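Contents: one structure, followed by commentary.
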Amino acid sequence: MTASLASIFYLANEGVSAPVTQARGHELNAIAAAVVGGCSLKGGVGTVTGTLLGAMFLRVVIDAVAKIIKSGADVWEGLIVGVVVVLAVTFSQLRMASNSGRSLLGGPLGACAILILSTTAGMVAGMNLGAKPGIAIGVVSGLLLGILRWFESYRSRRRAT
């Protein structure tokens, strides 16, 4: 019933029924709203209230992008929704890791992850901002991830004693 009601409101908003292009791109927004609301991508975790709050938050973010960026907001909307999803999943994983007591960047795989993440951050920044800022961002992100790794090992050593 709610899907039927939503489709009626959607058609009223669009003003025309065009099956070829209608609702294209809304899949990312639906998944993003659920993830931001606390649903797990693995399944089994989440609430209706959290999903509704995630949908409202995402709508506010998308409307803010449209108001801040006057022309070409559609181009930036998908990027910003993707970043919001990545941040939501990251915070969820960090919370689960801290609750279970496991380390995110421990061992040799953690060292490789630090190297890969800092290099990727530097390359992306270098492509968009230039070579010098890209190198600086890569070095800073490597240092921050190294500090996180040190903090995790320090915390695990304190727990062991």
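Here is how the numbers come out for the structure above:
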| quantity | calculated |
| --- | --- |
| Residue count, region 131-147 (criterion: under 16 Å from T120 (Cβ atoms) and under 23 Å from the mean Cα position of the chain (by Cα)) | 11 |
| Any chance R95 is farther than 23 Å from V35 by Cβ and either among the β-branched types (V, I, T) or out of contact with any Leu (no Cβ under 9 Å at 6 or more places or on another chain) (or both) | no |
| Selection within region 84-109 - in a loop (DSSP other than H, G, I, E, B) and free of Cβ contacts under 8 Å to residues at least 12 places away in the same chain | R102 |
| Of all residues making up region 124-161, the number that are closer than 18 Å to S103 by Cβ and not in a helix (DSSP H, G or I) | 1 |
| Residue within region 133-152 that is surrounded by 15 or more Cβ atoms within 10 Å (Cβ to Cβ) and among the polar types (S, T, N, Q) present | yes |
| Qualifying position, being touching a Gly at 6+ places or on another chain (Cβ under 9 Å) and either within 26 Å of T2 (Cα to Cα) or of a type outside the set (G, A, S) (or both), among V16, V35, V84 | V35 |
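Yes/no per residue for (1) assigned to a helix (DSSP H, G or I); (2) assigned by TED's automatic domain parsing to the domain that holds S141; (3) β-branched (V, I, T):
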{"site": "S4", "(1), (2), (3)": "yes, no, no"}
{"site": "Y10", "(1), (2), (3)": "yes, no, no"}
{"site": "A18", "(1), (2), (3)": "no, no, no"}
{"site": "D63", "(1), (2), (3)": "yes, no, no"}
{"site": "S71", "(1), (2), (3)": "no, no, no"}
{"site": "G82", "(1), (2), (3)": "yes, no, no"}
{"site": "A111", "(1), (2), (3)": "yes, yes, no"}
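Matching residues to (1) surrounded by 14 or more Cβ atoms within 10 Å (Cβ to Cβ); (2) within 14 Å of G25 (Cβ to Cβ); (3) under 13 Å from the mean Cα position of the chain (by Cα):
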{"site": "V35", "(1), (2), (3)": "yes, no, yes"}
{"site": "G50", "(1), (2), (3)": "yes, no, no"}
{"site": "V60", "(1), (2), (3)": "no, no, no"}
{"site": "D63", "(1), (2), (3)": "no, no, no"}
{"site": "I69", "(1), (2), (3)": "yes, no, no"}
{"site": "I80", "(1), (2), (3)": "yes, yes, yes"}
{"site": "V83", "(1), (2), (3)": "no, no, yes"}
{"site": "A88", "(1), (2), (3)": "yes, no, yes"}
{"site": "F91", "(1), (2), (3)": "no, no, yes"}
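The values are calculated or read from the model by the stated rules, or taken from the named source; none is laboratory data. What you see is a predicted model; the values in this text were computed from it and never measured. For neighbour counting, all protein chains shown are included, and Cβ atoms are generated from backbone atoms with ideal geometry for every residue, glycine included.
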